[in-house]
1. Closer than 22 Å to residue 128 by Cβ and of a type outside the set (Val, Ile, Thr): is that true of residue 111 in this structure?
2. Residues of region 77-116 being of a type in the set (S, T, N, Q), more than 16 Å from residue 12 (Cβ to Cβ) and in contact with a helix residue (DSSP H, G or I) (Cβ under 7 Å, 6 or more places away or on another chain), which ones?
3. If I filter region 15-36 for residues that are surrounded by fewer than 14 Cβ atoms within 10 Å (Cβ to Cβ), part of a helix (DSSP H, G or I) and under 17 Å from the mean Cα position of the chain (by Cα), do I get at least one hit?
4. Only one residue in 74, 70, 78, 44 is over 20 Å from residue 130 (Cα atoms) and either touching an Asp or Glu at 6+ places or on another chain (Cβ under 8 Å) or in a loop (DSSP other than H, G, I, E, B) (or both), so which one is that?
5. In region 77-111, which residues are more than 18 Å from the chain's Cα centre (by Cα) and surrounded by 16 or more Cβ atoms within 10 Å (Cβ to Cβ)?
6. Looking for whichever is over 20 Å from residue 32 (Cα atoms), in contact with an Asp or Glu (Cβ under 8 Å, 6 or more places away or on another chain) and in contact (Cβ under 8 Å) with a residue 24 or more places away in the chain here; the options are 130, 136, 124, 53. Which one fits?
7. Restricting to region 4-30, what's the tally of residues that are in contact with a helix residue (DSSP H, G or I) (Cβ under 7 Å, 6 or more places away or on another chain) and farther than 19 Å from residue 95 by Cα?
8. Could you please find all residues in region 39-69 being closer than 18 Å to residue 90 by Cα, of a type in the set (A, V, I, L, M, F, W, C) and under 15 Å from the mean Cα position of the chain (by Cα)?
Amino acid sequence: MLSLTWIDFFIRLIPEEFIFIWGICTISNIVISKKTHIIYCILIAIEVYVVRLLPIHFGVHIIINNIFTICLLIITGISIDIAIRNSLLMMLLIVISEFFNMLVLKILNINIEAQFKIPGVESLMLSPSLLLVILLIYLTKFLLRKKECKINVID
């Protein structure tokens, strides 16, 4: 079971879901209303919180969370292939950003295991990775736009 405190829910999970949904919409060139964005972010955050309380193996919760997110995106009107591709892309961007964040913490000789035992500190120490996710979203958007321009020029 992967426990999650309420501090983590508000400091880390809700902002991460806002960025997650925003990134999917940005990369997909799809606009959703602010109200829909907020509702989806809160729904996904609650779903992630509940799934992490289940007695399941590590990794299974990620699959369940992605399936739930993809279903919400399909309800929004995003096609299933774009929803799957961009959900997995956003998961990859989050993993990359958290890897670099952990690498920086190791370089700075911060005892990660000891710090993560304190409630809320884990969320604060991993929050710089959210800024990196935003930068990676813009980079991905730029690269996709550049690729589309090359395709259009050739055709």
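Read-outs throughout are calculated quantities, based only on the coordinates presented, and are distinct from any laboratory measurement. What you see is a predicted model; the values in this text were computed from it and never measured. Heads up, the Cβs are rebuilt from the backbone with ideal geometry, glycines too, and the neighbour counts pull from every protein chain shown.
1. For residue 111, the condition - closer than 22 Å to residue 128 by Cβ and of a type outside the set (Val, Ile, Thr) - is met.
2. 86, 87
3. No, region 15-36 contains no residue that is surrounded by fewer than 14 Cβ atoms within 10 Å (Cβ to Cβ), part of a helix (DSSP H, G or I) and under 17 Å from the mean Cα position of the chain (by Cα).
4. 78
5. Once the filter is applied, which keeps residues that are more than 18 Å from the chain's Cα centre (by Cα) and surrounded by 16 or more Cβ atoms within 10 Å (Cβ to Cβ), region 77-111 yields only 105.
6. 130 is the lone residue from the list that is over 20 Å from residue 32 (Cα atoms), in contact with an Asp or Glu (Cβ under 8 Å, 6 or more places away or on another chain) and in contact (Cβ under 8 Å) with a residue 24 or more places away in the chain.
7. Qualifying residue count, region 4-30: 2.
8. Result: 41, 42, 43, 44, 45, 48, 62, 63, 64, 67, 68.
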